[in-house]
Amino acid sequence: MKVNKEWHAALSVIDKIERSGFEAVIVGGAVRDYLLQRKVNDVDVATSALPSEVKEIFSSTVDVGIEHGTVLVLDEGEPIEVTTYRTEGTYSDYRRPEEVAFVRNLEEDLQRRDFTINAMAFTKDGQIIDLYGGNEDIANKVIRAVGDPNVRFREDALRMLRAVRFGAQLGFSIEEGTLKAIQIDSDLIDFIANERISMEMAKLWKSKYAYYGIQLLVESNLSKFLAGHFAEQLENWRTFKADKSEVGWAYLCQLNRQEFQNIVDFYRLSNKEKTYIRKVLNAYDALLQKWTAMDYFINDLDVLETAYDFAGWQNVRLPFKKENIQEVKSNLPLQSISQLAINGNHLMSWTTRKRGPWIKVALDAAIIAVLNGYVKNDEEKLKEWFLNDFINEG
Ligand code: ATP
Ligand code: MG
């Protein structure tokens, strides 16, 4: 089995904790991904040791979430999160509690976890501790709540959206009873902070089975409580594929143009995300008119290719191949403004006019003239163009 540096670092953290007389295991997503032979991301360690005890064992630690029992151990080269076995105490408002209770046994810690596939532990000797049938559910490709799903979703309603998100990432179905519980409790998602909803949706966009995830979103009724019209627009997601979440947000805005503001507000999108979305939407509109040399020039390849993909996902046929975009763009006579053979000083030396806003107007016009092949990007040629065409036409 292929394991990464983090996995080794976690095992050596576990070894040190055990030598001090406590228990420790790898838990959660890392065990799931290990069994699925997927790329393992963060390797989380759970332990019977209290945070203060963990800090005594290691020379270099950071209190990243000590109130929840989490200490970041830096001793092994790779940072490893070590969390004390805990239960989550009482829940209110369908949200995860702020307070947790530390416990000394692993069983209680596994019991608080959301799904059977996320509730397994891996010991130092390579033994899998699987109290809820997680391994079998992995084999059957099923997402199943640990315990009574209605109870678990009322404790923390975000788990409903997590079920959908894991479905999208893994291509697993949601077990019947678990899905029924979501359908019944879907409205409780309103109690969850939009930032947390947004983080799950961002993972859904990048998922291998994103369309299936959106089908689950609709089937589970959750989509009714989210911004966007997923049920009506399901067909437009069929071939959607994104390698970064911004593409998903941009496409959601494309499908819900009139509700752009509502969507970016609801999902609490950042200014950076909003800027990217606007660029892609503008490029898409321009594409429907036919891209000019200027469109190829001002937009990054990624923005152009994403706008191109939008057309495909919406069944809009285009008269050229996606590969052409890169070709056209790299063959432009100018790749950036700094490549223009002239600047404001040239312009001023060619006239008696003083510095002013006209310089930017003239340079923009020069860029357009060069991009359209009207004049070569060459100082002498641009001087001729400036004195004969630009000045004369005002
Ligand atoms: P990812 O690949 O997205 O990191 P993950 O399974 O590691 O997936 P995390 O959100 O990092 O998910 O959480 C780590 C573990 O903590 C989960 O595997 C699960 O056991 C538990 N967990 C996380 N969120 C919840 C929750 N809302 N309710 C119950 N258990 C949870
Ligand atoms: Mg994780």
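Here is how the number arises for the chain: DSSP H runs of 4 or more residues each give -39500 (n - 2.57), the sum is divided by the residue count, and the result at 222 nm is -13500 deg cm²/dmol.
Here each label is just a point 7 Å from Cα along the line to Cβ, and for Gln127 and Gln233 those points are 5.1 nm apart.
Pop the C-beta distance of Asn388 and Gln258 into the FRET formula with R0 = 30 Å and round what comes out to the nearest 0.05. FRET efficiency, Asn388 to Gln258: 0.05.
Excluding same-chain neighbours fewer than eight residues apart, the lysines reachable from Lys141 by a Cα-Cα span under 27 Å are Lys2, Lys39, Lys124, Lys180, Lys203, Lys206, Lys208, Lys224, Lys241, Lys244. Could you check which residue among Thr292, Thr352, Thr306 shows the biggest mean-square fluctuation in a GNM of the chain with a 10 Å Cα cutoff? So, out of Thr292, Thr352, Thr306, the one fluctuating most is Thr352. Dipole magnitude for region 1-140: about 320 debye, using +1 per Lys or Arg Cβ and -1 per Asp or Glu Cβ, origin at the Cα centre. Nonpolar atom fraction for the chain, defined as the carbon and sulfur part of the 1.4 Å probe accessible area, stands at 47 percent.
Averaging the sequence gap over all C-alpha pairs within less than 8 Å and six or more residues apart, then dividing by the number of residues, gives region 1-140 a relative contact order of 22 percent.
The magnitude of the dipole of region 255-394, with charges of +1 and -1 set on the Cβ of Lys/Arg and Asp/Glu and taken from the Cα centre, is near 320 debye. Between Phe115 and Val146, the built amide H atoms are under 5 Å apart, and every one of these is 5 or more places off in sequence or on another chain. A simple charge model with +1 on the Cβ of Lys and Arg, -1 on the Cβ of Asp and Glu and nothing else charged puts the dipole of region 337-393 at about 280 debye relative to its Cα centre.
Considering only Ala369, Ala119, Ala24, the Gaussian network model of the chain with Cα springs below 10 Å gives its largest mean-square fluctuation to Ala369. Each residue was assigned an accessible area with a 1.4 Å probe, and for Glu108 the value is about 70 Å².
Considering only Gly21, Gly248, Gly171, the mean-square fluctuation computed in a Gaussian network model of the chain, springs between alpha carbons under 10 angstrom, is largest for Gly21. Based on the Kirkwood radius over alpha-carbon pairs, what value in µm²/s does the Stokes-Einstein equation return for the translational diffusion coefficient of the chain at 25 °C and 0.890 mPa s? Estimated via Stokes-Einstein, D reaches 99 µm²/s. Against the criterion of solvent-accessible heavy-atom surface with a 1.4 angstrom probe, Asp300, Asp378 sort, most first, into Asp300, Asp378. Modelled spin-label separation between Glu176 and Gln37, with each label point placed 7 Å from Cα along the Cα-to-Cβ direction: 3.1 nm. Measuring r between the beta carbons of Arg95 and Asn282 and using R0 = 41 Å, the FRET efficiency lands at 0.60.
What's the FRET efficiency of Leu318 with Arg355 using the Cβ-Cβ distance as r and R₀ = 45 Å, to the nearest 0.05? Taking R0 as 45 Å, the efficiency between Leu318 and Arg355 is 0.55. Annotation: amide H-H contacts under 5 Å for Gly28 (H modelled 1.01 Å from N, sequence separation of 5 or more, or interchain): Met120.
Using alpha-carbon positions, what is the distance between the centroids of region 212-276 and region 74-137, in Å? Between the Cα centre of region 212-276 and that of region 74-137, the gap is 31 Å. Near Ile129, the amide H atoms lying under 5 Å from its own belong to Ala121, Phe122, Thr123; only residues 5 or more places off or on other chains count, and H is placed 1.01 Å from N. In the context of the full set of protein chains, residues of region 54-168 present 45 Å² of accessible surface per residue (probe radius 1.4 Å, heavy atoms only).
Based on protein heavy atoms only, region 257-394 ends up with 61 Å² per residue of surface accessible to a 1.4 Å probe.
The values are calculated or read from the model by the stated rules, or taken from the named source; none is laboratory data. Just so it is clear, the structure is predicted and the values come from calculations on it, not from any experiment. Cβ: placed from backbone, ideal geometry, glycine included. Neighbour counts: every protein chain shown. Side chains included, ligands, DNA and RNA excluded: accessible areas come from the protein's heavy atoms. Shrake-Rupley method; radii C 1.70, N 1.55, O 1.52, S 1.80 Å.
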